[in-house]
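A short write-up of the structure that comes next.
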Amino acid sequence: MVEKKGETKGLPPSEVDVASLKNIGPQSAKWLAAVGIHTRKDLETMGAVNAFRLMRGHGYNVTPVMLYALQGALMDLHWNRLPGKLKDEIRAKARADE
């Protein structure tokens, strides 16, 4: 069965393919898979900031919008609906140690 976006209800996080999450398109899913993030559980365990840093560390041209998209995916919220304060916080964390 092919999952469509939003058809993840009832599945445990370990079985929800990251590509089916809100904000995650085909290219983002490929980049996430390349760094070892395949499921919602993988993303939850890694966290949006660390996943973003890992992708950036592997040379992918990620922008703050990718960071917001990852956080929104975990919250099941479109990235542009994240509160401004949260965006500022995660962007600051992602910049730490640069």
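The values are calculated or read from the model by the stated rules, or taken from the named source; none is laboratory data. Keep in mind it's a predicted model, so treat the numbers as computed, not measured. Methodologically, a virtual Cβ is constructed for each residue, glycine included, from the backbone with ideal geometry; neighbour enumeration extends over all protein chains shown. Accessible surface areas use protein heavy atoms only, side chains included; no ligands, DNA or RNA. Shrake-Rupley method; radii C 1.70, N 1.55, O 1.52, S 1.80 Å.
Restricting Arg40, Arg95 to those that are closer than 26 Å to Ser14 by Cβ and either open to solvent by less than 80 Å² (accessible area, probe 1.4 Å) or free of Cβ contacts under 8 Å to residues at least 24 places away in the same chain (or both) reduces the list to Arg40. Looking only at residues in segment 58-75 that are modelled with pLDDT of 95 or more and either open to solvent by 70 Å² or more (accessible area, probe 1.4 Å) or among the aromatic types (Phe, Trp, Tyr) (or both), the one that is nearest to Pro12 (Cα to Cα) is Met75.
Taken as a whole, the structure places Ala34 among residues that are modelled with pLDDT of 95 or more and over 20 Å from Ala96 (Cα atoms). Of the residues making up segment 44-54, not a single one is open to solvent by less than 20 Å² (accessible area, probe 1.4 Å), of a type in the set (Val, Ile, Thr) and out of contact with any Lys or Arg (no Cβ under 7 Å at 6 or more places or on another chain). Filtering segment 1-22 down to residues that are open to solvent by 40 Å² or more (accessible area, probe 1.4 Å) and modelled with pLDDT of 80 or more, which residue is farthest from Tyr60 (Cα to Cα)? Going through the qualifying residues, I end up with Glu15.
Taking segment 82-98, which residues are within 14 Å of the chain's Cα centre (by Cα), of a type in the set (A, V, I, L, M) and part of a helix (DSSP H, G or I)? Passing the criteria: Ile90, Ala94.
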